[in-house]
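Worksheet for the structure shown next.
The values are calculated or read from the model by the stated rules, or taken from the named source; none is laboratory data. Note that this is a predicted model, so its numbers are computed, not measured. For neighbour counting, all protein chains shown are included, and Cβ atoms are generated from backbone atoms with ideal geometry for every residue, glycine included. For accessibility, only protein heavy atoms count, side chains too; no ligands or nucleic acids. Shrake-Rupley method; radii C 1.70, N 1.55, O 1.52, S 1.80 Å.
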Amino acid sequence: MTQHVFLAGRLVPEAEATVSVFDHGLLYGDGVFEGIRVYGGSVFLHDAHIDRLFESAKAIHLEIPMSPAEVKAAVEQTVEANGVTDGYVRLVVTRGSGALGLDIRKTANPQVIVIAADIALYPKELYQSGLKLITSGTIRNHPAALPARVKSLNYLNNILAKIEGFAAGAGEVLMLNHVGQVAECTGDNIFVIKRGVIKTPPLDAGILAGLTRAAVIQLAKRRGLEVREEAMVRHDIYTADECFLTGSAAEVIAAVSLDGRPIGDGKPGPITNDLLADFRALTRGEIEVDLS
Ligand code: PMP
């Protein structure tokens, strides 16, 4: 079946879904995006993703040429047109085409693009065995440079870290922030569990405000677990009982070693497995969380 992409206000066949070489999204990484899951035909945490997209756009002074309701409808329409029931949506807004140079006043036609596709980020076995992590030598973008809260099209910082992971045979890569604290992984937020208490870096550690992170915090609280958003260093991961990552693509996945040191007993832990089960129930609509 031909893949249809939403572009310039309508669905077009994939081969016709092209943008200008003068688009500043291509030339400068000037734009914002969301990666969204579809479960059982429903767009997961849809409103929260749309809100975050508009916040990212506002932060980079990019006016999205559609209302939040229109963008939401475009996502639904693209998912339906491509017959996606369990898959992934990439929602992109670029600055649009313009003169060479950084003057955003000389750009026009910001583009809203929606791609609906299949996804399998990690093989199924890894959800049972867990991921090996290494720490990257590339620190996460300084919050006063390109804040991680802006989900921008410029992912080079994360890509550089990911390249180190490929060389080391690691499933994901931990990034520290500008003061050496734990920030996040290249495409996921990180949590540890120590003596039953769950810890995750706070937003001001320079991380993306992950929606899976927010959902999992609610799921943990619902189980009566204590959740602390506090600054962490690598020692907290080396000595944790359990560790897991969260992300729209990765969902909830255990991390079982960091820099060659097993975390806990080197296997996915019981609380991680409980939270993964809760997360799956959430995606099936059996549980609800309030992310407002
Ligand atoms: N951090 C980074 C750098 C990411 O790219 C992602 C994936 N969007 C996440 C965290 C997880 O965010 P979410 O749960 O909203 O997908």
- [ ] Round to the nearest 10 and give me the degree value, 0 to 90, for the angle of helix 156-168's Cα axis relative to the longest principal axis of the chain.
- [x] 50
TODO: Using only alpha carbon pairs under 8 Å that are at least six residues apart, calculate the relative contact order of region 252-292 and give it in whole percent.
DONE: 32
Task: Point-to-point label distance, residue 100-residue 55, nm (Cα→Cβ direction, 7 Å offset) - done: 3.8
Task: Residue-by-residue Karplus 3J(HN,Hα) for region 133-142, coefficients 6.51, -1.76, 1.60, Hz, glycine and proline x - done: 10, 10, 8, 7, x, 8, 7, 5, 3, 5
Task: 25 °C / 0.890 mPa s Stokes-Einstein diffusion coefficient of the chain, Kirkwood radius on C-alpha pairs, µm²/s - done: 124
Open item on the list: Can you say what percent of the DSSP beta bridges in region 93-240, counting only those with both residues inside, are antiparallel? Round to 5.
Closed with: 60
Task: Using alpha-carbon coordinates, inclination of helix 46-59 to the longest axis of the chain, degrees - done: 70
Open item on the list: Not counting ligands, DNA or RNA, and with a 1.4 Å probe, what is residue 135's accessible surface area in Å² rounded to the nearest 10?
Closed with: 20
Task: For region 5-15, Karplus couplings with θ = phi - 60° (6.51, -1.76, 1.60), whole Hz, Gly/Pro x - done: 10, 7, 8, 6, x, 8, 7, 10, x, 3, 4
- [ ] Might you report the magnitude of the Cβ-based charge dipole of region 14-111 about its Cα centre, with Lys and Arg at +1 and Asp and Glu at -1, to the nearest 20 debye?
- [x] 280
Task: Solvent-accessible surface ranking, highest first, for 85, 138 at 1.4 angstrom - done: 85, 138
Task: Accessible area of residue 28 in the full protein assembly, 1.4 Å probe (Å², nearest 10) - done: 90
TODO: Please arrange 178, 61 by accessible surface area, largest first, computed with a 1.4 Å probe and ligands excluded.
DONE: 61, 178
Task: Computed label-point distance, nm, for sites residue 277 and residue 86 using a 7 Å Cα→Cβ extension - done: 1.9
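Just by accessible area at a 1.4 angstrom probe, what is the order of 176, 219 from largest to smallest?
176, 219
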Open item on the list: Give me a comma-separated list of calculated 3J(HN,Hα) values for region 187-200, in order, Karplus coefficients 6.51, -1.76, 1.60 applied at θ = phi - 60°, integers in Hz, x for any Gly or Pro.
Closed with: x, 8, 8, 10, 10, 10, 10, 9, 6, x, 9, 9, 10, 8
Task: For residue 263, residues with placed amide H under 5 Å, excluding near neighbours - done: 257, 258
TODO: Enter the Cα centre distance for the pair region 1-31 and region 165-212, rounded to the nearest angstrom.
DONE: 32
Open item on the list: Output the 0 to 90 degree angle, nearest 10, between the alpha-carbon long axis of helix 211-222 and the longest principal axis computed from the alpha carbons of the chain.
Closed with: 40
Task: Lys, Arg +1 and Asp, Glu -1 on Cβ, resulting dipole of region 244-292 about Cα centre, debye, nearest 20 - done: 220
TODO: Filter the GluC sites (Glu not before Pro) in region 1-108 down to the DSSP loop ones having no more than 15 other Cβ atoms within 10 Å, then list what survives.
DONE: 63
Open item on the list: Once neighbouring chains are kept in place and the probe is 1.4 Å, which whole percent of the accessible area of region 42-88 is contributed by carbon and sulfur?
Closed with: 51
TODO: Could you let me know the centre-to-centre spacing of region 216-262 and region 84-105, using Cα atoms, in angstrom?
DONE: 32
